[in-house]
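Each reported figure results from applying straightforward, stated rules to the coordinates on display, with no laboratory input. Not measured: the values here are computed from a predicted model. As a convention, Cβ positions derive from the backbone with ideal geometry for all residues, glycine included, and neighbour counts pool all protein chains shown.
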Amino acid sequence: MVLVTNSSPPEAPEETLGSLESVGGRFDARSLLRWESALVLFLIFDLFYGGFTATDFFSQNTIFFAGINFGLIAIMALPEMLIITTGEIDLSVAAMLGLSCATFGYLFEHHVEVFLAMLLTLGVGAVGGALNGFLITRIGLPSIAVTIGTLTMFRGLAEVILGTNEVTGFGGPWTDIGTNTIPGTPFAWAFGIFLVLALLYGVVLHFTSVGRSIFAIGLQEEAAFFSGIRVKRIKFNLYLISGIVCAFVGLLYTYQTNTARYDAGTGLELNVVAIVLFGGVSIFGGRGSMLGVVLSVVAVGIFDQVLTIKNVSSQEQSIVFGILLLASVILPNTGRGYRLVRRRFARESSATALSSSVDA
Amino acid sequence: MTMTEELAPATPVKTHRIAETLSRAREIAIVVIILVIFLATTLKSHDFAHLTSIQQMGTNASLFILLAIGETMVLATRNVDLSVGSTLGISAFLVGDYFTHNPHSSIVVAFIIGIGVGAVCGSIIGFIVTVTKVPSLVVSLAALYIIRGILNIIGLGIQIEPTAIPLSFQKIGFETFAGIPWIFLIPVLVALVVAYAMRSYRSMRELYAIGSNPSAAQLAGVPVARRVFTAFVMSGSLAGLGGVLFLSEFATTNATAGTGYELLVIASCVIGGVAIFGGSGTVIGAALGAILLQIINQALVVINVSPFWDSALAGALILVTISFDRLLSNRATLALRLKGSGARDE
């Protein structure tokens with residue numbers, strides 16, 4: 001697990017070569033494009049498979065439920081994608097969802113005005129995200145250890161706040177966001193919010209200097225630092241945003257299920273990481289695209305729905321999900337390994353050719 | 001640590017001693033914390049010091065000690081194994097299933113099946129990690145899903161009933177040897193053996209060398225791939241053994257056994273001083289970390305603090321220990337640097 005640390009550059013020689021290539025630009029874009037086209041193929045396969053084998057697959061319900069079931073994971077995947085691109089990781093996302101759910105439930109139970117309660121909940125998210133960011137950037141701790149710690153702590157605090165109580169009966173105009181479609185479209189609100197946020201994140205990541213900085217940090221943190229990028233500030237802000245977004249997802253969850261429980265979304269963090277990696281984002285940081293993540297969300301979300309319609313239980317779906325995840329990292333890697341070997345071979349043969357010509 | 005020795009031949013003994021003192025200081029610190037919690041809780045409620053209560057603590061911690069031992073070996077090589085919870089689950093289920101079909105089978109066979117299942121899982125993960133060079137975080141995450149998925153398919157809706165489990169096998173879960181529950185004794189023995197091996201055997205020391213600097217280890221002639229593969233097989237086997245003990249303790253299991261254990265296990269290791277980026281940490285520390293997490297859990301119940309505080313405190317504990325580690329390691333680096341320059345002056 002060579003997540004990029006503060007102190008050491010990537011060690012494995014193959015990996016260094018890999019990142020050198022991607023600095024070159026052209027090679028990287030091509031290999032990325034290839035992964036995204038694989039995702040598109042997978043999506044088309046999904047649609048055909050679903051269309052042929054499941055009745056009423058192309059009905060509005062399918063799209064709506066796919067959005068409902070997958071929208072929350074999808075929204076949390078967006079800040080996670082940026083964090084992984086910088087070479088860090090955030091495992092506390094689902095625990096923050098739970099903490100936000102519990103906070104909101106508690107405030108609602110104590111008759112705090114709904115809008116104020118929402119703001120306070122988002123505030124809790126900001127504080128949690130800032131705590132992650134502070135420990136990782138200012139104290140310099142490894143993000144995987146910190147976020148396992150905050151994962152446990154956030155979930156624990158949620159438990160302290162709400163205990164085993166279940167708060168229900170939220171009602172009000174906000175319920176629409178959880179349970180109805182966006183007027184005039186077959187999409188769930190969660191999916192719409194995901195698309196808007198994805199567009200926003202995509203523009204920031206791919207078309208602004210902040211986005212370029214994020215890639216630069218992921219490729220070589222020290223080089224990024226010495227070229228004047230405010231590494232710590234950017235990372236801190238990413239964690240802050242992640243906290244707020246996950247708290248927001250907690251609110252969505254509350255309104256979708258009309259219940260607030262401390263164990264809301266338990267275990268989703270690994271799904272979120274998996275969906276990002278399936279989108280072609282490198283766990284080492286520095287490589288990936290927002291388009292890939294969106295495609296990954298849509299493809300897996302629909303596939304999930306197909307399997308659900310076909311009565312494959314969600315537990316059994318996990319096996320498919322695992323295989324997809326494994327394929328998504330092994331296939332590009334073997335491709336790269338093959339090219340590396342071929343190039344090395346070519347270099348060696350040209351070297352022998354050179355030496356033999358010298359001999360002659 | 002081995003690497004430091006080789007790099008700084010001028011002060012090998014001193015460097016080694018500093019490293020050892022540090023890791024031992026960590027273990028002593030956890031023992032002290034455990035004792036403080038234990039005494040404070042006993043003052044509050046005298047029942048806490050009862051033999052049965054202590055035995056209960058050992059029983060609760062045992063599975064996590066086992067998993068933490070395997071995880072330490074993997075973490076030492078700068079890898080991670082997230083699949084331990086799923087492996088434990090599938091091992092427990094398959095052993096239970098075996099007993100259901102062969103009620104009069106011997107216990108030894110159960111252990112062989114459990115450990116074997118774990119070893120197979122571990123070797124598949126180790127193989128993929130070492131051959132494809134895909135980060136172990138991703139491979140073991142995928143394995144977590146796949147193993148759990150397979151378990152769900154073979155064990156859909158099946159609950160292994162206590163009646164199917166031979167009493168002699170269940171006795172491992174509740175009988176004691178010299179006052180120590182067998183189920184606690186087994187992980188402790190494993191921990192002692194592995195701790196000795198990781199201190200004294202070249203092949204096990206090489207795990208640390210790989211974690212400190214993989215490419216340097218490769219250049220120094222360490223068979224990196226083979227060692228990493230072995231670490232995963234060991235981790236899987238111990239998770240398999242954990243599954244056997246799980247079944248003997250609860251005498252019942254289903255497809256959800258061991259869900260979510262992986263992060264708790266890593267938390268135990270981190271609290272016990274195992275560096276998440278490899279190269280340092282001891283098995284004893286990790287085992288003590290697992291015990292500490294369990295004792296907090298049990299102490300809260302006794303002192304009438306709502307058990308809801310359990311994971312909030314555990315999380316805070318993780319954050320405090322890693323921050324404290326950082327502080328210590330900064331000091332140690334400074335001390336080593338000072339010593340190193342002193343040696344050069346001589």
* Structure fact -> Listing A:E316, B:E249, A:E269, A:E166 by rising number of other beta-carbon atoms within 10 angstrom, fewest first, gives A:E166, A:E316, B:E249, A:E269
* Any chance you could check the Cα centroid distance between the range B:174-244 and the range A:141-159 for me, in angstrom? => 27 Å
* **Residue order, fewest to most surrounding Cβ atoms within 10 angstrom, among A:S100, A:S289, B:S123** => B:S123, A:S289, A:S100
* Asked: Which value, in debye to the nearest 20, gives the size of the charge dipole of the protein assembly as shown about its Cα centre, when Lys and Arg are +1 and Asp and Glu are -1 at the Cβ?
  -> 1800 debye
* Using only the Cα atoms of the protein assembly as shown, construct the convex hull and provide its projected area averaged over every direction, in square nanometres to one decimal. => 36.5 nm²
* Could you work out how far the C-alpha centroid of the range B:84-109 sits from that of the range B:271-296, in angstrom? => 28 Å
* To do: Grab the Cα-Cα distance for B:V193 and B:E161, subtract it from 0.36 nm times how many residues apart they are, and report the gain in nm with one decimal.
  => 8.1 nm
* Structure fact -> Note to self, the protein assembly as shown gives a 222 nm [θ] from helices alone (DSSP H runs n ≥ 4, -39500 (n - 2.57) apiece, / all residues, nearest 500) of -26000 deg cm²/dmol
* Structure fact -> Going from the fewest other Cβ atoms within 10 Å to the most, one would list A:T185, B:T130, A:T121 as A:T185, B:T130, A:T121
* Structure fact -> If R0 = 60 Å, then A:V127 and B:S168, at their Cβ-Cβ distance, give a FRET efficiency to the nearest 0.05 of 0.65
* **Inter-label distance, nm, simple model (7 Å from Cα along the C-beta direction), A:E316/B:V301** => 3.7 nm
